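> Mind looking over this structure? Questions follow.
The values are calculated or read from the model by the stated rules, or taken from the named source; none is laboratory data. Remember, predicted model here, so these are calculated numbers, not experimental data. Reconstructed Cβ throughout: ideal geometry from the backbone, glycine too, with neighbour counts over all protein chains shown. Note: areas computed on protein heavy atoms with side chains; ligands, DNA, RNA excluded. Shrake-Rupley method; radii C 1.70, N 1.55, O 1.52, S 1.80 Å.
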Amino acid sequence: MKLILLGAPGAGKGTQAEKICEKLSIPAISTGNIIREALKNGTQMGLKAKSFIDAGQLVPDEVVIGIIKDRLAQNDCANGFILDGFPRTIPQAEALDEMGVEIDKVIDIEVPDEKITDRMSGRRVCKECGASYHLLYKKPEKEGVCNLCGGELVQRKDDHPDTVLDRLKVYHEQTEPLKDFYAKKGKLRIVEGQEKVEDTTAATFRALED
């Protein structure tokens, strides 16, 4: 099965991608991960991406698409895959069509912006060991102190409410139009994100069978 996972930053797509991988025995392809892999392996497209990254610029569509194309040609994708983080825009989705990649289903994990902001802005990470906590869902035993190593807990820049809101704005402007794009093709399945991860997973699996 060839799948695309959509959802705003903080909607829990990564976790659902892992669960689907385990169930269907297909690889999850995250744009960030494969760009890092292409850089590490020094592929032609990886070297192109490096020139933009070194200059502090966004990697352009044509390079990202080239890297995706190389990755989908690998043997482990023969029985299907999950794309997480690609396509991000309508032109990228059209490029996927032009590659001849026939997507079976597009799963959109929907979580309201307010919940995402609460979820992400409440996260805290230990400066020393990297352990993660949440002010509502996974509180440390002592406020501001890691249970494991006693290190200081801090809020990552990515989790600051202003940053989260900026990322959500970009998502709504650039990526959300993909819902209509795939709905018109009859491939969109919407999953309402739940408080418990396992409930979202159950809803995701139901959407796959639909």
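> State which residue pairs qualify: first residue touching a residue at least 60 places away in the same chain (Cβ under 8 Å) and inside the stretch 138-164, second residue acidic (Asp, Glu) in any location, beta carbons under 9 Å apart, and separation of 6 or more residues or different chains.
VAL164/ASP113; VAL164/ASP158
> On to the next question. Give me the pairs, please: first residue somewhere in the stretch 58-82 and touching a residue at least 60 places away in the same chain (Cβ under 8 Å), second residue anywhere and polar (S, T, N, Q) and open to solvent by 80 Å² or more (accessible area, probe 1.4 Å), beta-carbon distance under 6 Å, and either six or more positions apart or on two chains.
Qualifying pairs under 6 Å: none.
> I would also like to ask the following. Got a sec? Which of HIS160, HIS134 is open to solvent by 50 Å² or more (accessible area, probe 1.4 Å), over 27 Å from ILE82 (Cα atoms) and more than 16 Å from the chain's Cα centre (by Cα)?
Numbers: HIS134 fails: open to solvent by 50 Å² or more (accessible area, probe 1.4 Å).
Exactly one of HIS160, HIS134 is open to solvent by 50 Å² or more (accessible area, probe 1.4 Å), over 27 Å from ILE82 (Cα atoms) and more than 16 Å from the chain's Cα centre (by Cα), namely HIS160.
> Taking the stated definitions as given, is ARG119 touching a His at 6+ places or on another chain (Cβ under 9 Å) and either without any contact (Cβ under 8 Å) to a residue 60 or more places away in the chain or not hydrophobic (A, V, I, L, M, F, W, C) (or both)?
On the way: touching a His at 6+ places or on another chain (Cβ under 9 Å): yes; either without any contact (Cβ under 8 Å) to a residue 60 or more places away in the chain or not hydrophobic (A, V, I, L, M, F, W, C) (or both): yes.
When the stated conditions are applied, ARG119 passes them.
> Of all helices (runs of 4 or more DSSP H) completely enclosed by the stretch 160-210, which ones contain at least 2 residues that are farther than 17 Å from THR89 by Cβ and either of a type in the set (Phe, Trp, Tyr) or modelled with pLDDT under 95 (or both)? Talk me through it step by step, then tell me what you get.
Numbers: elements: 161-170, 177-183, 197-209.
In the stretch 160-210, the matching helices (runs of 4 or more DSSP H) lie at 161-170, 197-209.
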